[in-house]
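Working notes for the structure below.
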Amino acid sequence: MHFLSHLSIYLLFSAVLLRAQTSPPPAEPAVPDTAAVVKLEPFVVSDRLDRAREDIVPALGASSYQLTAVQITALPQGADATFNQVLLRIPGVAQDSFGQVHLRGEHANLQYRINDVLLPEGISGFGQELDSRFVNTMQVLTGSLPAQYGYRTSGVVDIHTKGGDIDNSTAFSLYGGAHDTVRPSLETGGASGNATYYVSANYDKNDLGIENPTASPTALHDRTLQFKAFGYFSLLLDPTSRLNLIVSGSDSHFQIPDNPGLPAVFALHGAEPADSATLDENQREDSTYAVVAWQKSAGNFNLQAAAFVRTSGVHYMPDPAGDLIFNGVSSDVNRSVTSDGFEIDSRWSVAANHTLRAGAIVTSDHATTKTATAVFAADATGNQTSDVPITIAGDQQKRALTGGVYLQDEWKVTDCLTINYGARADRVAAYSREGQLSPRVNAVYQIGESSSLHMGYARYFTPPPLELVQTGDIAQFAGTTNAPASTTSSPVRAERANYFDAGITHQVSSALSLGLDSYYKASRDLLDEGQFGQALIFAPFNYRTGRVYGAELTTNYTASGFSAYANLALSLAVANTITSGEFQFVPAELTYIAMNDVHLDHDQTVTASAGVSYNWRHNLLYADMLYGSGLRRGFANTGKLPAYQPLNLGLEHTFGLAHHRKLRARLEVVNAFDDVYALRDGSGIGVSAAQYGARRSLFGGLSWTF
């Protein structure tokens with residue numbers, strides 16, 4: 001097992017041991033003495049510092065949606081759900097294959113923050129490194145973002161983790177069911193003196209690690225083994241400052257599912273007849289990160305400074321003979337990236353109606369790619385001329401330095417009107433040297449006590465992810481079965497965009513709230529990503545111009561144990577003329593896209609989610625549904641897939657045990673009506689594999705808190 005996995009297990013064991021040493025036995029009555037009052041003080045100070053930290057980087061006019069740990073419990077699979085499944089309940093989030101999600105018609109372009117510190121990017125894969133279990137609250141910001149948010153700007157997923165506030169408790173859970181799923185997990189947390197801690201770890205084994213390429217209820221060769229661990233540690237230095245440490249590690253193994261019945265296309269010398277139902281392709285993913293943050297809150301001034309490091313890797317291992325026979329190419333691809341840097345954010349209340357915020361971030365990245373590609377010799381038309389493969393090795397690396405600074409002023413013009421204005425300056429030196437000064441302005445107008453109107457403008461600068469940029473020489477594959485249809489390979493560039501957003505929220509009553517939001521984005525060098533070749537790793541490319549616009553309607557109702565929500569999003573995303581990575585496309589598609597606006601492959605016209613839950617006498621009942629009108633398909637994305645609407649049902653009961661212990665039992669059915677639907681059919685721009693949504697699945701679990 002990976003070194004950090006051992007480290008994470010050690011941290012978990014240490015935290016459990018610390019809890020055992022610092023917590024009194026539950027059977028002994030508490031003694032109300034002065035020491036008990038002193039022990040409460042760290043929680044009071046931590047809560048005050050939490051509020052101060054949130055005010056350093058607030059939404060300031062951006063569209064904001066929030067989920068809590070309680071709300072996550074009422075979603076399908078609860079805390080055992082993958083993180084992308086939780087995100088699908090946010091307005092405007094569309095589901096895609098390989099665990100991807102799209103917010104407001106954009107491909108990826110999400111940034112993740114943990115306790116208000118930016119998490120450096122890793123290589124995208126199938127695994128969900130973030131775990132729903134450690135979420136206390138999760139806020140998703142989108143729209144016209146204030147100046148502190150740069151680079152990945154379609155949305156900001158800001159997670160506030162559980163901490164010592166879980167009050168010296170430990171929970172063990174066992175979840176499983178369909179697809180041979182077995183998922184044990186353990187979490188513990190508490191306090192010792194001025195220190196608080198929270199640690200979680202879980203293991204997941206199932207036979208549906210990646211979406212099934214066929215419509216059958218079960219997939220072939222689709223087992224996954226995943227281990228994740230997370231730790232959050234906080235130390236109060238004095239009443240105005242604290243030191244936080246966040247560590248995480250994950251190690252995942254995936255079998256690539258087989259698609260039976262494919263015809264053998266190429267001849268391999270000495271090989272037995274091949275069957276596409278018995279291929280053995282695999283992918284391994286690992287990621288670790290650590291963040292150390294120091295926070296100071298003194299009077300009108302608040303500051304948080306953080307240093308971070310992250311490493312991640314993806315290793316695709318082919319079926320050497322099978323891939324050659326069916327595809328004419330067999331590539332062993334090993335990619336890794338290491339990122340480190342620091343971030344500082346500050347807030348200063350200079351006057352009653354003016355609050356200044358400023359900050360900076362610097363990140364250094366080092367990405368490497370090692371490949372060993374077996375191919376056949378071929379003539380000018382691509383026909384195989386030899387059945388003996390040749391191997392072409394590749395070893396590329398790239399470094400990048402990214403830096404940004406920002407300054408903004410929150411101006412309270414009147415009691416009803418607040419304007420936040422500022423700018424950020426960014427510079428990146430990687431595949432090219434680019435930069436931009438990006439103005440931002442947001443206005444929020446309070447209409448009475450129950451309604452709020454917001455509107456804003458933001459200029460965005462989005463560099464392509466360094467770890468995904470292709471750096472190899474395509475000329476080395478000339479005269480082989482892996483020769484590209486086009487020999488043009490312009491460099492990938494940063495996207496630049498103008499973004500407009502306006503919306504209104506209305507509190508109809510204490511129980512019912514409504515929201516309506518609209519947006520328009522015009523981009524130059526619009527960034528997109530596609531899966532080209534066999535390795536299931538994405539590669540970025542640019543369109544010359546692009547437009548994304550739409551609207552979202554949200555409703556929430558909560559009263560007397562009953563909760564309901566409904567989200568409806570309309571979106572259109574189009575672009576024209578591919579200007580980088582052209583070798584990945586066939587000439588006919590390049591010509592068509594140069595002459596027409598085409599839908600982006602992740603464009604989905606209608607996306608909706610809805611759910612109800614009722615909590616009654618230690619019982620939680622819920623029903624939840626997703627709707628998608630279908631992603632794009634076909635030549636140049638001119639078609640679309642059929643709509644889908646899976647329904648999920650669940651029940652959870654909590655048993656009260658002695659000494660404040662609890663036992664929770666959960667039973668649920670995912671896709672209750674066995675809706676058969678395709679997320680992808682293997683066609684479209686940058687799409688080369690079919691994926692279907694999971695068929696009807698029954699799961700159950702037990703969770704013991706003590």
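Among the residues of segment 389-400, are any exposed (fewer than 14 other Cβ atoms within 10 Å of the Cβ), hydroxyl-bearing (Ser, Thr, Tyr) and assigned to a loop (DSSP other than H, G, I, E, B)?
no
Looking at residue 539 and the list (1) open to solvent by less than 50 Å² (accessible area, probe 1.4 Å); (2) aliphatic (A, V, I, L, M); (3) at pLDDT 85 or above; (4) outside any loop (DSSP other than H, G, I, E, B), which single condition is not satisfied?
Here residue 539 clears every test but (3).
For residue 126, indicate whether it is open to solvent by 10 Å² or more (accessible area, probe 1.4 Å) and touching a Gly at 6+ places or on another chain (Cβ under 7 Å).
Taking the combined requirement at face value, the residue satisfies it.
May I ask you to list the residues in segment 692-706 that are polar (S, T, N, Q) and either surrounded by fewer than 20 Cβ atoms within 10 Å (Cβ to Cβ) or within 11 Å of residue 669 (Cα to Cα) (or both)?
Passing the criteria: 697, 705.
Every residue in segment 232-264 that is over 30 Å from residue 303 (Cα atoms) and either part of a strand (DSSP E or B) or out of contact with any strand residue (DSSP E or B) (no Cβ under 8 Å at 6 or more places or on another chain) (or both), please. If you could, list the steps in order and put the result at the bottom.
From segment 232-264, those over 30 Å from residue 303 (Cα atoms) are 250-264; that's our starting set.
The answer is 250, 251, 252, 253, 254, 255, 258, 261, 262, 263, 264.
What residue, of 458, 443, is under 23 Å from residue 93 (Cα atoms), of a type in the set (Gly, Ala, Ser) and modelled with pLDDT of 95 or more?
The conditions single out 458.
Quick check: is even one residue across segment 664-685 of a type in the set (Gly, Ala, Ser), touching a residue at least 60 places away in the same chain (Cβ under 8 Å) and more than 22 Å from residue 219 (Cα to Cα)?
Within segment 664-685 (the criterion being of a type in the set (Gly, Ala, Ser), touching a residue at least 60 places away in the same chain (Cβ under 8 Å) and more than 22 Å from residue 219 (Cα to Cα)), the answer is yes, since at least one residue qualifies.
Any residue at all in segment 111-118 that's open to solvent by 20 Å² or more (accessible area, probe 1.4 Å), among the hydrophobic types (A, V, I, L, M, F, W, C) and within 23 Å of residue 309 (Cα to Cα)?
yes
Quick one: residue 222 ticks every box in (1) among the charged types (D, E, K, R); (2) crowded, with 20+ Cβ neighbours inside 10 Å; (3) at pLDDT below 95 except a single one, so which number is it?
(3)
Going by what's in this entry, would residue 586 be described as out of contact with any His (no Cβ under 7 Å at 6 or more places or on another chain) and at pLDDT 95 or above?
no
Within segment 642-685, which residues are open to solvent by 50 Å² or more (accessible area, probe 1.4 Å) and outside any strand (DSSP E or B)? Lay out the reasoning, then the answer.
Within segment 642-685, the subset open to solvent by 50 Å² or more (accessible area, probe 1.4 Å) is 642, 645, 649, 651, 653, 655-664, 667, 673, 676, 681.
Hits for segment 642-685 are 642, 645, 657, 658, 659, 660, 661, 673, 676.
Can you tell me which of 490, 510 is surrounded by fewer than 17 Cβ atoms within 10 Å (Cβ to Cβ), among the hydroxyl-bearing types (Ser, Thr, Tyr) and within 30 Å of residue 378 (Cβ to Cβ)? Please lay out each step first, then the result.
On the way: 510 fails: within 30 Å of residue 378 (Cβ to Cβ).
Within the list 490, 510, the selection yields 490.
When residues of segment 75-110 are filtered for being open to solvent by 20 Å² or more (accessible area, probe 1.4 Å) and over 13 Å from the mean Cα position of the chain (by Cα), how many remain?
3
Return the only residue of 176, 164 being modelled with pLDDT of 95 or more and surrounded by fewer than 21 Cβ atoms within 10 Å (Cβ to Cβ).
176
Residues in segment 616-641 that are surrounded by 17 or more Cβ atoms within 10 Å (Cβ to Cβ), in contact with a His (Cβ under 6 Å, 6 or more places away or on another chain) and assigned to a strand (DSSP E or B): how many?
1
Select, from 188, 196, 142, the only residue that is in contact (Cβ under 8 Å) with a residue 60 or more places away in the chain, open to solvent by less than 10 Å² (accessible area, probe 1.4 Å) and touching a Gly at 6+ places or on another chain (Cβ under 7 Å).
142
Which condition number does residue 698 fail, the rest of (1) within 30 Å of residue 107 (Cα to Cα); (2) touching a strand residue (DSSP E or B) at 6+ places or on another chain (Cβ under 8 Å) being met?
For residue 698, the exception is condition (1).
Specify the residue that is farthest from residue 148 (Cα to Cα); the eligible residues are those in segment 312-358 that are among the polar types (S, T, N, Q) and without any contact (Cβ under 8 Å) to a residue 40 or more places away in the chain.
334
Considering segment 280-304 alone, what residues qualify as being free of Cβ contacts under 8 Å to residues at least 60 places away in the same chain and of a type in the set (D, E, K, R)? Don't jump to the end; show me each part of the working.
Taking segment 280-304 as the starting set, the residues that turn out to be free of Cβ contacts under 8 Å to residues at least 60 places away in the same chain are 280, 282, 284, 290, 292, 294, 296, 298-301.
Within segment 280-304, 280, 284, 296 qualify.
Go through segment 579-604 and report how many residues are in a helix (DSSP H, G or I), open to solvent by 60 Å² or more (accessible area, probe 1.4 Å) and within 19 Å of residue 474 (Cα to Cα).
Summing the residues that are in a helix (DSSP H, G or I), open to solvent by 60 Å² or more (accessible area, probe 1.4 Å) and within 19 Å of residue 474 (Cα to Cα) in segment 579-604 gives 1.
With the condition being free of Cβ contacts under 8 Å to residues at least 12 places away in the same chain and open to solvent by 30 Å² or more (accessible area, probe 1.4 Å), I'd like the strands (runs of 3 or more DSSP E) fully within segment 411-465 carrying at least 1 qualifying residues.
Per the criteria, 433-447.
Return only the number of the condition from (1) open to solvent by 10 Å² or more (accessible area, probe 1.4 Å); (2) part of a loop (DSSP other than H, G, I, E, B); (3) touching a Ser or Thr at 6+ places or on another chain (Cβ under 8 Å); (4) small (Gly, Ala, Ser) that residue 147 does not satisfy.
Here residue 147 clears every test but (1).
Of everything in segment 199-231, what is assigned to a strand (DSSP E or B), without any contact (Cβ under 8 Å) to a residue 40 or more places away in the chain and more than 18 Å from residue 134 (Cα to Cα)? Give them in sequence order. Even if it seems obvious, please write down each step before you answer.
Step one: list which residues in segment 199-231 are assigned to a strand (DSSP E or B), which gives 199-206, 212, 220, 224-231.
After this cut, where a residue has to be without any contact (Cβ under 8 Å) to a residue 40 or more places away in the chain as well, the list is 203-206, 225.
Scanning segment 199-231 gives 205, 206, 225.
The values are calculated or read from the model by the stated rules, or taken from the named source; none is laboratory data. Predicted model, so just to flag it, every value in this text is computed and none were measured. Heads up, the Cβs are rebuilt from the backbone with ideal geometry, glycines too, and the neighbour counts pull from every protein chain shown. Areas reflect the complete protein model, heavy atoms only, side chains present, ligands, DNA and RNA absent. Shrake-Rupley method; radii C 1.70, N 1.55, O 1.52, S 1.80 Å.
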